[in-house]
Each structure stands twice: as C-alpha cells, then as structure tokens.
1. Take segment A:1-75, drop everything but the C-alpha atoms, weight them equally and run the Debye formula without solvent; then report log10 I(q)/I(0) at 0.12, 0.15 Å⁻¹ to two decimals.
2. For chain B, take the longest principal axis of its alpha carbons; what is the angle in degrees between that and the long axis of helix B:221-232, to the nearest 10 within 0 to 90?
3. Across 20 Å bins from 0, what is the distribution of all Cα-Cα pair distances for the protein assembly as shown, in whole percents?
4. Please report, for the Cα atoms of segment B:72-188, the Rg to one decimal and the Dmax as a whole number; what are they, in angstrom?
5. Give the nm distances, rounded to one decimal, from residue B:74 to the matching residue in every other copy, measuring between label points 7 Å along Cα toward the beta carbon; shortest first.
6. Compute the label zone of residue B:317 within segment B:81-110: residues whose backbone N is under 14 Å from the point 7 Å along Cα-to-Cβ.
7. Mind checking the mean number of beta-carbon atoms from other chains within 10 Å of the Cβ atoms in A:219-229?
8. Please compute the modelled spin-label separation between residue B:154 and residue A:229, points set 7 Å along Cα→Cβ, answer in nm with one decimal.
Number of protein chains: 2
Amino acid sequence: MGAVSIREVAALAGVSITTVSNVLNRPEIVSRKAVERVEAAIESLGYVPNIAARQLRAGRSSVIGMAVINITNPFFAEMALGAERAAEASGYAVFVGNSYDSAARESHYLDLFDRQRLDGVLLAPIGDDLSALERFAKRSVPVVLVDRVDPSGRHASVSVDDVLGGRLAASHLIEGGARRLMFVGGPTRIAQMRERLEGTRIEAERARLDLAVVDEGALSVRLGLKIGRDLAAMPRASRPDGIVGGNDEVALGIMHSLIQAGVDVPGEVSIVGYDDIDFASASTVALTSIRQPSHEIGLRAAQLLLAALAGEDLRDRSVRFDPELVVRQSSRPVG
Amino acid sequence: MGAVSIREVAALAGVSITTVSNVLNRPEIVSRKAVERVEAAIESLGYVPNIAARQLRAGRSSVIGMAVINITNPFFAEMALGAERAAEASGYAVFVGNSYDSAARESHYLDLFDRQRLDGVLLAPIGDDLSALERFAKRSVPVVLVDRVDPSGRHASVSVDDVLGGRLAASHLIEGGARRLMFVGGPTRIAQMRERLEGTRIEAERARLDLAVVDEGALSVRLGLKIGRDLAAMPRASRPDGIVGGNDEVALGIMHSLIQAGVDVPGEVSIVGYDDIDFASASTVALTSIRQPSHEIGLRAAQLLLAALAGEDLRDRSVRFDPELVVRQSSRPVG
DNA sequence: GGATCGTGTTGAAACGTTTTCATCGGAGCC
DNA sequence: GGCTCCGATGAAAACGTTTCAACACGATCC
C-alpha cells in the first residue's frame, strides 16, 4: 500500500539511501543542502522509518519493557509515568504491561519482552520466583526490579522500605492507644505485603500486643467491605482497635463498613492505609496512610536501567526510599 | 551474545532453516520426526525467534496498539483488559499506551504505533481532532475508536450513549426533587463530557430548570474537594441541590467536602457520579452513579479490529451500548 | 515401465534498514 | 600544477526471518 521506504525518499531527493539514513541518524555529517532536500522528500512522501528493519540491523529496539503489578493502582501508574519520563529523555520508549495481580499475565509480558528483543526490563514482580529473568541475563539484557529487592542481590532494584512502613503504621496506632492490632494483607507471595506485615509485627511484639492477620487474596475495596462487616459483627471487647491495611483500597472498604454499622472511627477503631492514594484524603473520614515516592521510584529505576544500557555496571547501585506517615482522621491522635 | 538464531537451531537439528520456520509457523506440514528434532534443538539452545526479523519479512507485527485516556481510571483499565483478552485469543499482543489526559502523550503514542508498524489501533481519543489517524488510513491500518463515535463516520467505533447517561442522571435528580442543577464536567474537548452535559441539559430544559456548568480541567478528587468547598460556602437557597459529576472521582470529592462542611447529602444536595468505580459504593455515603459495560466495550472493540484485520469491512459495524443508573444513598429517592 | 502425483524438504530471494569501506571532488599546501 | 587531505557521498553487505519455487523420493496409476 502506501508503504513508502527509504529507497523512494532517496530517489525523490536525488541522493543515495545512505545519505537518507545519515540525515535520520547523524545529520551533522551530511551537508546542509542534502539535509534540506531529504527532509523535504520525507515530508512530501509521509515517510516513517520501519522500526523492524532498523532493529533487525542495529540489534537494538530502543524500547524498554515495564511490567507492573496493577496499573489501576495510582501508585504504580505514577511510577510508570516517572519511568516513561526518564526513558523518553534518552530516546527510549516504554512498553508498559499490566500484570493485574496475575503471575500468568506477568510471565506472558516477560515472554513478549523477550520475543520483541526489548533493550531492558523494569519489573515490579508479583511473586518471589525471579527465575523467569534468567533468559534476560543470558542475552545480557539489563533488568531493574522496582518496588522490590532481589534477595540474591543479582538484580539492581529501586524499592521502598516496607518494613519501615509497617512499623510507622503500627507504632502510630500503638501510640494512639490501640491494644488489639490487626493486619490485612494481600497474598503473601507478594513480598511488599510480607514486609509490611513484618514491620507491623515488630512493633506489636515490642509493645507485647497481639496481632491478628488476615490474608484473603487481592486487596480490593470489595474485600475491605466484607472484612469490615465481619469486624462490625464482633463484640467490641474482642474486636481489633487498630488496623493496618495493606493498601488504601482495602482500608477504605473496611472503614466504610464499620462506619455504616455504627462503629466509631477512630473512636473505637483506628485505621491506617498504605499508598496514600487520592481517595484516602477524600473519604468522609480522611484516611491516615503511608506515602511512598512513587514517581521518584519509577524515575530512578529507569535511570538505573539507562545507565546499564550505557554500559555502566549496576552492582551496588540499588536505591531504597523511606516511606512517610501521613496522619489524618481515621486514627486516634497520639496520647 | 547468547543471540541464538534460527540458523543454529537448524544446524543442531540437522534440517534446513525453512523446516525450522515451518515447525514454528505451520507444524502440520512437517513430519513428526522433524518436528521433534527441531523442538528438542529449540529447547536445548533456548532459542527465541527474533520478532523484528519476522515482522520485517512478513510485514505484520501481530501487535495492536491501544491508547486510552487514563488507565488509572478503572473504567479504562477494565476496557483495556477486555481488549487484551479478545486480542490474545487471536494471537495478537496489545501495547497499551496511557495518554494520562494529555493530547501530547496521546499523539506521542500514535507516533510510536506508526513507527512500530503495529497492525491495528484502538483509540479512546482525548480531543476531537482525528486527523492524526489519517496516516493509518494511508497504510490501511485499521482503527477502531473506543468510548467515542467518529462524527465523520469514517472510523468504526464502540461507545456508550453518554447523552443517555446524562439524561438518566439528571432525570433521576429531578424526580428526587432537585430544582437547581449543576453539571461538573471535564475539559469540553473531551466528547464524552460534552455529551453527558448535553443529556443533563436536555432534561433540565424539559423540566424548565436552570443548569449551572463547571469546567475546570481534568476531573480529580482534588478538584472535587475544591468545588465542594466553594459550594458549601454558598447560601443554601442559591446552592445547587442536584449535582451531576462527570466522573466518580470528582463527585466523591464534592460530596466529601460538602459533608465535611456540615451540608446534608442527600438531604440538602443530591449527587450522581459517573462510571460506578469501586469507590462509589465504598464511600461512607454510597454514591449513586452511572455504570458502563467497560470490559464488554474493550472486548467488542478488539473483536471489531480483529475482524478488520481478517479482511472484513468495518463500515456500519459500530456498536453502541446503553449505560445504566445505579441508585445509592447520595441522591434523594424518587417522590 | 514410464508418467503422474503427493509428501517432505530445501535453496535462495526478499523485507528495509544501518554500517563499513571505497570513491569522488575540491580545498589547501608546497 | 601536482600533492595530500578532508568532507561528503555511494555501493554493497549484513541483520534473521518468511515464503516461493523447485526438488527428491516413493507410491500410484494406466
């Protein structure tokens, strides 16, 4: 069809294919006159270079792949945006794959990245099994883990100290007077959840308090609503009075159910969420939450990957951010 | 480095390159024995076909591009998921680009799709200007519009009747006794917003009621909070008592501010959102909203595109869904 | 027993670039 | 005026696949 190739551009401009290619890739080495003629020809023919051919010949795709756990979560969306910004500044495009909490979808995207010969991979992994990344190592395609550390230390990572996040949440609740703690976590195969739980547990033990743990799959508003109903049905004396939600969605759901059922938040129950999404501050009882520098995380991860693509060694270049407690109305004030 | 090509597979299996290619693409025409040998060789070498080469030769990428307005919005996320499901069933991958409410980002993705020679395009367009799609027509790359109709009728589309949605929202408010209506819309360059406003206006005029219109850019929780504060500061007699939000985020924000300021919802003000996201039902005063079949929209759009790729003519194949009113606590009951 | 057919297989061309190396023409130098 | 040198240009090879046309071989047919 209208598939216009470099050949036709060259013909129209009256130069060789090489010159057209040079105009595209290193315009500084070709004469002003030739540049102008070629650009005019490109314009008039509506020529668009065929990436597949370029990639085949050059061996690089100039695209990096990014697979995130759940792009609907504003935390990951912001992260992706940060990564795209950094990548684009260096002439790379970013292909974002949404795992949607499914390991199958994640591995499907890694397959795709592999087949497409993407130049690098950013991965916010769902599970603990990083063996799927070995094929990239084999072709020396750099990989940077996002929001997650590699226990084996083989992959660079940009992450947040989730243990600290859990501790911030729990100690805040305890200082506010909570005595019966509960942690509502996602699937424990997700490392972030395990770490947040661990942080919560550390503080609970230090204060010699009991800690109930709920793990019923992916954290959603819907799940929170159900858990909240169950909690509301418990006698107040045995009901948890300090709840750490693995994310804001589930925390908001819990809070809603409790309030609907007439339970006073934060009077009877204090709640802390995680991620500080926009809705946290917009709920009728604004949600206390743990904030992470999402945009920054994506940005730094991409920068690390770009550095690797530029030939730098990534060992010991990992980055770890600290989360931050944002106190609002859903938790009793300290004292 | 480990870049193993079809050539080495062929050598190891003791067959020609052609046979390896055939095993990959049409295994039915090659003998059982050869298939086994080739598959063993592929396995032992860890061979992964180079898509760029395939695409260059075959002229097809087997990838379709999808650009959506804002993937953080669960409506679009579900839509993308529906499209991916349909595409994958036919052996296509989907490259999802997030415009993030920015026309520049949208056009950036269309550029990328074009350069990458993707086989088809699904687009939930931000603005009215569809001229950027012409280049696809020129190369006869099929395009299906999502959540949007093409006024010129040149592109097939899968959309929702937003005028009807606006009418459902407004007539529900009016039946509940609202007399001073307000519509809070996003940028009017977004057609959906215009249509929702139009539907609201139709019902307002029919009931001979005034309609205030707010348009202050992208609809977010934050914006809603601000609008709600302004509303709360107004004397009750002149304050709108029936509000249609262009999406749930802004509606929830408005509701939150009003309640915080002591305004009774739905006693003094009724509110209807749009999209029926999970948070709508999880807010302390559950939000009445307009629901759209998001997953189905994406699915049908991809199916249409696949049909086009299979050579079918898309003219007059557009699909239009009807939205649905979901009544909850944020609006006064009828009567 | 030769022509015809069918089944598996193969060699070679082609896809549209980038890149290497050679060539060319002219400017600067002695 | 002949020499070198340099910048600009071009011819051709290469990237890894798909696909077409041709081939080998045995079975089937008259």
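The values are calculated or read from the model by the stated rules, or taken from the named source; none is laboratory data. Keep in mind that what you see is a predicted model, and the values were worked out from it rather than measured. Please note: Cβ atoms are built from the backbone with ideal geometry, for glycine as well, and neighbour counts cover all protein chains shown. We work out accessible area using only protein heavy atoms, side chains counted, and drop any ligands, DNA or RNA first. Shrake-Rupley method; radii C 1.70, N 1.55, O 1.52, S 1.80 Å.
1. Those come out to -0.45, -0.59, one per q.
2. 10 degrees
3. Taking every Cα pair in the protein assembly as shown, the percentages come to 17, 45, 31, 7, 0.
4. Considering segment B:72-188 through its Cα atoms, Rg and Dmax are 17.1, 55 Å.
5. Nearest to farthest, the other copies are at 1.4 nm.
6. Inside the label zone: B:87.
7. Numbers: counts 0, 2, 7, 3, 0, 2, 3, 0, 0, 1, 0.
Taking all residues of A:219-229 together, the mean is 2.
8. Between residue A:229 and residue B:154, the simple spin-label model gives 5.2 nm.
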